[in-house]
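Step one of this worksheet: look at the structure below.
A short reminder: the numbers here are calculations on the coordinates, not readings from a lab. All values derive from a computational prediction rather than experimental measurement. Quick reminder, even Gly has a Cβ in these numbers, built from the backbone with ideal geometry, and neighbours come from all protein chains shown.
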Amino acid sequence: MKRPTISIPAVIHLFAAAHAAVAVLSRVFNYVDDVPLTVLTLSMILIVAVRRGLRTEHTAALALICIFLAYLFGNYGARFIEHIIGSGVLAPAIATALVTELIGWLTYAFARSRTTQTSGRIRWSPSTRQIVVSVAAILLFRIFYTSLFSSPYFEEQGIYPEFYRLLSNTLALMTMICGNIIFVNQRSRLIRRRGLRLAASALFTALFVLLLTAAVYYGLPQGNGATMSALRFFRLYTVVLLADIVVYAILQLAVYVIESHRELRTERGMKHRAQFHYDRLKQQINPHFLFNSLNILDYLVQEHETERASAFIHKLAGTYRYMLKKADEQLVPLEEELEFAGMYIDLLRERFTSGFEVVVDIPEPLRRRYVVPCCLQLLVENATKHNVVSPEQPLRVRIEAAGDRLTVANNLQLRMNAPASTGVGLRNIRRQYLDMTGEPVAVERTDTEFRVQLPLL
């Protein structure tokens with residue numbers, strides 16, 4: 001019998017309640033220590049990361065950021081809530097519960113962005129052990145910094161004077177952000193081995209923070225005439241190091257999210273292109289299209305219309321040649337697409353000798369823009385497939401362009417026995433534009449007209 005498992009949202013709510021209970025008990029028994037709350041926060045992050053299969057380095061970066069947020073918003077949030085409700089016991093409990101909910105859902109959202117859930121239970125794998133070790137190291141790091149900031153090395157106001165000095169030095173802040181961006185992007189390219197990468201990161205961080213501390217301490221680039229004091233320099237160094245680690249963790253997660261989004265978009269585009277190519281291949285060998293074309297060709301031969309038959313064969317071959325040639329291209333010039341659509345329209349005119357009208361109105365400069373291959377042919381084909389075409393009820397198709405939009409419109413006169421529309425072709429065109437450009441395809445239908453607007457690229 002399978003044991004019921006607790007969902008991740010339920011885990012987040014339970015940890016938020018546990019945070020609130022620990023905060024209340026610590027105030028009741030006058031034992032104010034943030035270490036138990038830190039342990040609870042890291043445990044929640046650990047459970048979410050392992051169950052979602054999050055990688056070790058991303059879990060460590062996420063834990064660092066969350067601990068920083070918990071410390072910052074927990075303290076100041078408690079003061080703000082206490083000012084509102086006037087209770088020194090309930091305010092920390094409410095603040096830490098809200099912060100825990102926020103951290104839990106941020107962790108869950110980040111973990112869901114790219115990973116795959118493993119199972120309800122935690123599997124003790126080598127990756128899990130690495131995550132546990134990383135989280136334990138962050139806990140020790142948090143305890144070390146808390147002890148250091150409350151030690152005699154720091155003044156009564158704590159880290160705030162040094163932190164303010166860092167924030168007031170624009171050069172140091174910009175150098176910190178730009179330096180970490182470069183290192184995050186180039187680290188894996190310059191150093192392949194994981195162990196060396198970790199050592200190089202530690203060495204780079206130590207030396208880079210040393211330079212940043214010197215810039216802040218001496219007020220560069222203007223200078224402030226400060227004299228060297230080992231104690232003051234050490235205090236500033238520890239604060240700058242903490243800020244640099246948090247900035248590095250944030251940038252690492254940001255790069256991960258951007259790369260994940262790009263990979264997902266590429267994978268989705270490949271899938272949609274494969275589907276689109278498959279549908280175009282089916283169109284190329286569409287028995288109905290071949291049957292009608294051969295019937296028309298046979299009629300021309302029987303009527304001894306040799307010139308018309310020869311032109312028909314050349315246009316039929318030209319349409320197939322174009323589809324085969326453009327099968328692997330994502331975009332084609334509108335001029336080429338218009339030539340292909342013109343050949344296809346000529347084939348249709350041999351079938352519909354009257355009652356089929358096509359008007360093309362596209363300025364010459366816009367003909368050099370790009371569109372998805374076979375989009376015009378598909379839209380014209382849909383118009384003839386679903387509408388009446390006869391001398392009494394002529395089908396009028398307009399292909400025009402203005403600005404950044406290409407419009408294909410036809411009057412609406414649906415056939416009674418028309419095949420049910422699946423919308424596959426139009427849906428694939430929409431996917432192509434969304435995958436490659438992010439721009440939508442507009443479809444409008446009224447009682448008298450059907451209109452499709454495609455982006456001109």
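Overview of values
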{"quantity": "Inter-label distance, nm, simple model (7 Å from Cα along the C-beta direction), residue 163/residue 196", "calculated": "3.8 nm"}
{"quantity": "In Hz, Karplus ³J(HN,Hα) per residue of the range 359-370 (6.51, -1.76, 1.60; θ = phi - 60°; x = Gly, Pro)", "calculated": "10, 10, 9, 10, x, 4, x, 6, 5, 8, 7, 10"}
{"quantity": "Cβ-derived FRET efficiency at R0 51 Å, residue 79 paired with residue 446, nearest 0.05", "calculated": "0.25"}
{"quantity": "Simple label model, 7 Å out from Cα along Cβ direction - residue 101 to residue 151, nm", "calculated": "3.9 nm"}
{"quantity": "Virtual spin-label span in nm between residue 69 and residue 405, 7 Å along Cα→Cβ", "calculated": "4.0 nm"}
{"quantity": "Derived scalar couplings ³J(HN,Hα) [the range 166-183; Karplus, 6.51 cos²θ - 1.76 cosθ + 1.60; whole Hz; x for Gly, Pro]", "calculated": "5, 5, 7, 9, 4, 4, 5, 5, 5, 5, 4, 5, 5, x, 5, 4, 5, 5"}
{"quantity": "Theoretical FRET efficiency, 1/(1+(r/R0)^6), r = Cβ-Cβ of residue 24 and residue 112, R0 22 Å, to 0.05", "calculated": "0.10"}
{"quantity": "Förster radius 22 Å - calculated FRET efficiency between residue 143 and residue 89, Cβ distance, rounded to 0.05", "calculated": "0.30"}
{"quantity": "Per-q log10 I(q)/I(0), the range 367-440, q = 0.15, 0.19, 0.21 Å⁻¹ (Debye; single scatterer per alpha-carbon; no solvent)", "calculated": "-0.60, -0.89, -1.03"}
{"quantity": "Nonlocal amide H pairs with residue 397, under 5 Å, H built at 1.01 Å", "calculated": "357, 358, 359"}
